[in-house]
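Dropping the structure in here first, questions after.
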Amino acid sequence: MDKTFDTIAIGDTIAGTPFAPTRETIREFCDASLDYNPLHWDDDYMKGSFGKTQFGGIIMHGMTNFGIITKMLTDWLYPMGGVHRRLETRWKAPVKPGDTIVPTGTVTAKKVTGKGRWAVIAVEIKNQHGTTVAQGEAMAEFPPAT
């Protein structure tokens, strides 16, 4: 059976695509975003403390988490005619080259209004150790029933 808004249930889960950042993918994001903060590319800079945090090496941009979650949502929504409307996330732990991170989502609410049908999704990314590196909430809109 094809998934549609009507068949989505609270508690349904969404599995995203694993991502393994490398020094090269982190540098490519520097180039694409024009964010050349040294914590993303300068090993010598990262030997010291960054504020009160000791990362022990370069880290992936937090916005890469945002993109990975967005990919998961659009891969899930598009076949149902849904559209990703909102995403709020908090970064919880750094991601380093060599990590593997996996996004997941859980439907927490559904609502039908006069203009659309909505789903709220709790989103999370964990690394290979089970540590949550990002979490938040997304909202998706589906077209009105015809």
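Distances over 26 Å make up what percent of all Cα-Cα pairs in the range 13-142?
Summing the P(r) of the range 13-142 above 26 Å gives 28 percent of all pairs.
So if I place +1 on the C-beta of Lys and Arg and -1 on the C-beta of Asp and Glu, and nothing else carries charge, what would the dipole magnitude of the chain be about its Cα centre? I want it in debye, nearest 20.
With only Lys, Arg, Asp and Glu charged at Cβ, the dipole is about 480 debye.
Could the peptides 16-23, 64-71, 119-126, 4-11 be put in order, highest first, of the mean number of other beta-carbon atoms found within 10 Å of their residues?
Going by the mean number of other Cβ atoms within 10 Å, highest first, we get 119-126, 64-71, 16-23, 4-11.
From the residues 97, 72, 32, which one has its Cα farthest along the dipole of the chain in the positive direction, the dipole being from +1 and -1 charges on Cβ of Lys/Arg and Asp/Glu about the Cα centre?
Looking along the dipole axis, the top candidate is 72.
Please give the per residue accessible area of the range 13-142, computed with a probe of 1.4 Å over protein heavy atoms only, in Å².
Value for the range 13-142: 54 Å² per residue.
Something else about it: Put +1 on the Cβ of each Lys and Arg and -1 on the Cβ of each Asp and Glu in the chain; which of 54, 14, 109 then has its Cα farthest toward the positive end of the dipole?
Checking the options against the dipole of the chain, the answer is 109.
Ignoring ligands, DNA and RNA, please state the percent of accessible area on the range 13-142 from carbon and sulfur, probe 1.4 Å.
55
If you don't mind, another one. Near residue 89, within a Cβ-to-Cβ distance under 14 Å, what is the net charge of the other residues, with Lys and Arg +1 and Asp and Glu -1?
Once all neighbours under 14 Å are counted, the net charge is +2.
May I pose another question? What is the helix-to-structure angle for 23-33, meaning the angle in degrees between its Cα long axis and the longest Cα principal axis of the chain, kept from 0 to 90 and rounded to the nearest 10?
The angle comes out at about 70 degrees.
Right, another one. Report, in whole Å, the centroid distance computed from the Cα atoms of the range 74-102 and the range 7-47.
About 11 Å separates the Cα centre of the range 74-102 from the one of the range 7-47.
Enumerate lysine pairs in the range 13-142 that are 8 or more residues apart or on different chains, then count those whose Cα atoms are under 29 Å apart.
17
List every residue whose amide H lies under 5 Å from the amide H of residue 133, counting only residues 5 or more places away in sequence or on a different chain, with H placed 1.01 Å from N in the peptide plane.
For residue 133, the qualifying residues are 125, 126, 127.
Once phi is turned into θ = phi - 60°, what whole-Hz ³J(HN,Hα) does the Karplus curve with 6.51, -1.76 and 1.60 give for every residue of the range 90-99, x standing for Gly and Pro?
Once θ is set to phi - 60°, the couplings for the range 90-99 become 10, 7, 10, 7, x, 10, 10, x, x, 6 Hz.
The values are calculated or read from the model by the stated rules, or taken from the named source; none is laboratory data. Remember, it's a predicted structure, so these values are computed and weren't measured experimentally. As a convention, Cβ positions derive from the backbone with ideal geometry for all residues, glycine included, and neighbour counts pool all protein chains shown. Quick note on the areas: whole protein, heavy atoms, side chains included, nothing else; ligands and nucleic acids left out. Shrake-Rupley method; radii C 1.70, N 1.55, O 1.52, S 1.80 Å.
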